[in-house]
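The values are calculated or read from the model by the stated rules, or taken from the named source; none is laboratory data. Here the structure is a predicted model, which means the values were calculated and not measured. Quick reminder, even Gly has a Cβ in these numbers, built from the backbone with ideal geometry, and neighbours come from all protein chains shown. Only protein heavy atoms, including side chains, enter the accessible area calculation; ligands, DNA and RNA are left aside. Shrake-Rupley method; radii C 1.70, N 1.55, O 1.52, S 1.80 Å.
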Amino acid sequence: MKNKIQILLLLLMCVDIYAQRTVNACGEVEYVAPETQTLAEAKQTAITQARLKAIADEFGTIVSQTNTTTMHNSNGKSENSFNSFSENEVRGIWISDTKEPEVSVMYRNDMMVIHAKVCGQVREQKRETVELQVKPLNKGIESTLFKNNDRFSVSFKSAASGYVAVFIRDDNNDIVNVMMPYEDSDGNAREVKSNKEYVFLCTQDSEYPYAEETILTTSKSIENNTLIVVFSQKKFHISLSNMGEFVPEVENSKFQKWLHNLRVYDTTVQVEEIVLTIKK
């Protein structure tokens, strides 16, 4: 009986590994950006949609849906609608890029069209992801637009308990800043409870160790940063330096390698990215 149980467990492990196989895939889309989007936001949206298309082409979708772009004139003004895959509809996740995304910008009928092509590693994922609510806050109000020295925080809520970390990538110098876990946490991701709203990176947060509020700054007329929120239902640790120690900032290439490894070994990892615009 004992031998039969061991064989059964091995078979189940083999089935699980197969169900979560990792392969290389490429995706390509044209995204028609609405007037309300900045160029940086439109590029990021196009890259995200290309990644989702690559996953959908490789593993399929949970519900049947296709990418369609429709343009029409209304009262002399061009309008467009874009239907696309969402992260909850594809049967897999994007692990990491195998090469830099190719992005080009063109204008068609006075509308900005972003062409994006991506190649990377994708993993089949047959379970549904956890619903996350991530909101960047400017002085406590949801916004992606900031002025120099505006107060910044992040609202977070998850449908399941787990662990979360918050990063900001400076898209000018390709540096990723570790915003949370805070410096006194030894790099351990923050534990969160299900269906509870948190506000991070401000004195409203009981675990925030600093006396002053977090602010966003820029010396340029305008710049873009990317808010990156990593959530997992399992404990994880931030160790990004060569010595395996927690550091407050790291090169994007090292960050992406860390994130890739985390996603490979933890199938519950989810990543939310939001472009922030800062004006002087």
Next item on the list: Report ³J(HN,Hα) in whole Hz for each residue of the range 45-60, in order, from the Karplus equation J = 6.51 cos²θ - 1.76 cosθ + 1.60 where θ = phi - 60°; Gly and Pro get x.
Entry: 4, 5, 4, 4, 5, 5, 5, 5, 5, 4, 5, 5, 5, 7, 10, x
Note to self: With θ taken as phi - 60° and the coefficients 6.51, -1.76 and 1.60, list the Karplus ³J(HN,Hα) couplings across the range 101-116 in order, rounded to whole Hz; mark glycine and proline as x.
What the structure shows: x, 9, 10, 10, 10, 9, 10, 9, 6, 6, 10, 7, 10, 9, 9, 10
Note to self: Report, in listed order, any pair from 135/257; 196/280; 43/280; 117/139 with a Cα-Cα distance greater than 32 Å.
What the structure shows: 196/280; 117/139
Margin query: How large a share of the accessible area of the range 178-277, in percent, is made up of carbon and sulfur atoms when the probe is 1.4 Å and the other protein chains stay in place?
Written below: 44
Next item on the list: Keeping every protein chain in place, order 41, 35 by accessible area at 1.4 Å, biggest value first, i.e. largest first.
Entry: 35, 41
Checklist line | the range 137-280: relative contact order as a whole-number percent, Cα under 8 Å and 6+ apart | finding: 32
Next item on the list: Could you give the size of the charge dipole of the range 101-247 about its Cα centre, using +1 on the Cβ of each K and R and -1 on the Cβ of each D and E, expressed in debye and rounded to the nearest 20?
Entry: 560
Margin query: For the full complex of protein chains and a 1.4 angstrom probe, list 111, 179 by accessible area with the highest value first.
Written below: 179, 111
Notebook entry, point to check: Modelled label-to-label distance, residue 102 and residue 160, 7 Å Cα→beta-carbon offset: nm?
Noted result: 3.7
Margin query: Could you give each residue of the range 133-141 its phi-based ³J(HN,Hα) in whole Hz, using Karplus coefficients 6.51, -1.76, 1.60 with θ = phi - 60°, and x for Gly or Pro?
Written below: 10, 10, 10, x, 10, 10, 6, x, 10
Checklist line | Pairwise centroid distance, computed over Cα atoms, of the range 244-280 with the range 172-234, Å | finding: 12
